[in-house]
1. Search the structure for amide H atoms under 5 Å from the amide H of Thr346, placed 1.01 Å from N in the peptide plane, and list their residues when 5 or more places away or on another chain.
2. Can you tell me the relative contact order of region 276-372? Whole percent, Cα pairs under 8 Å, sequence separation 6 or more.
3. Under the definition of Cα pairs under 8 Å and six or more residues apart, what whole-number percent is the relative contact order of region 167-309?
4. For Lys342 and Ala220, what does the FRET efficiency come to when R0 = 56 Å and r is the distance between their Cβ atoms, rounded to the nearest 0.05?
5. Quick one: length gained pulling Arg100 to Asp354 fully straight, 0.36 nm per residue minus the C-alpha distance?
6. Check cross-link reach from Lys221 to the aspartates and glutamates: straight Cα distance under 17 Å, and skip same-chain residues fewer than eight apart.
7. Any idea what the relative contact order of the chain is, in percent, if you count C-alpha pairs under 8 Å spaced at least 6 apart?
8. Express in whole angstrom the spacing between the alpha-carbon centres of region 155-182 and region 305-323.
Amino acid sequence: MGGFGAELRRHFTLLAFGLLVASIVPQFAAAACPDIPVAVAGPMTGDWAVYGEEMRRGAQLATDDINAKGGIKGCKLALMVLDDQGKPDTAIAIAKAFGRDRVRFVVGHYNSGSSIPASQIYAKNNTLMVSPASTNPGLTEFKLWNVIRTAGRDDVQGTFAGKYMVDHFANGNLAIVSDGTPYGDGLANKARNALRAKGHPEKLATKVKYDQTDFGDLIAKMKAAKIDVVFFAGLGDQLGRLIRQDDDAGMHLQFISGDGAMVKGLTALGGPAVQGTLIVFSPEDRSNPAAKDVVTRFRAQGFEPEAYTLKSYAAVQVIAAGMEMAGVQAPRLVAAAIRSGKPISTVVGDLTFDAKGDRREPDVAMYVWTKQANGGLSLEPVK
């Protein structure tokens, strides 16, 4: 935490010095425009660091592109990058520090468990937060003035998954397993509601512990219930282990999961049995015509803009567009402008936001782990 505090102090000492110089030399003040501090906060280290890197790269390129075009009415965006390690307590500390140091615009966080408590502190400290990744419905259900997200919502994912299960596996016995976290429970509950609304309730609904690694008891329970299809509402580390242990037990169940299982290491954990696993996630942002130029430039840098890269780029675009529409940098007015329903052009297409800060456009699709000609597995859209 010492490094985090020092980074903030250094950044804002420089910012304060710049403002002091402008006040001492008024002839330059009219021409100069102070930088607008914007932060990207996410897991730059730890288990989800790959997604923190996607957030950082997306936000940085968007900032560079906006500044290259003149910034916001001549004012440049100044991007800070801070590491919350995917931990709620660290995210809370960051939110409190931003309040003291007057950062008013944040792209973040990644984990819903970090975004939800941080958002409440940001709201009190007059800071607008745009998350490119947090999908738990609770983030916007608190109806805070300051929360926007360029990602979708778990309830949309859960409902989509539940309907998909009935539409494609109506003859099977269905199970819903949550990891017991707010993310998992929210996803599982919506899937259950969708099953019941379509007249096909689950045969089994249960939970595991979020840090559980041995699923022998769960597998035995599913075997006794003669389960055919499992919706796992949790993260990829657990899903991979569950798939491998299920395969070792000779069950060979059909697994479906949400965006928390969209991890590159799933096949390493689950092995060949991952083939056929279905994952609910956003439509492929890289195929959006609006993203073509940005994707090309990322690839020229040797970086593939997967998962949350373009949603983070879009988050910066949304903040900038909000300032342009509001005509001021006041966070509350910027948030109101973003939520006005006026379309905002982004790399993931035109986005409109409702009064809660959720995007109105659907953001859900089904993917399947597919065996390739070289024998490897890759995640492909279901056609």
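1. Amide H to amide H, under 5 Å and 5 or more residues apart or across chains, Thr346 pairs with Leu351.
2. Once divided by the residue count of region 276-372, the mean separation gives 37 percent.
3. It rounds to 21 percent for region 167-309.
4. In this case the efficiency is close to 0.55.
5. Separation in residues times 0.36 nm, less the Cα-Cα distance, equals 88.5 nm.
6. Answer for Lys221, where 17 Å is the Cα cut-off: Asp179, Glu202, Asp246, Asp247, Asp248, listed by chain and number.
7. 15
8. 30
FYI, it's all coordinate maths here, none of it is from the lab. Every value quoted in this text rests on a predicted model; they were computed, and no experiment measured them. Neighbour counts are summed over all protein chains in view; Cβ atoms, including those assigned to glycine, are modelled from backbone coordinates with ideal geometry.
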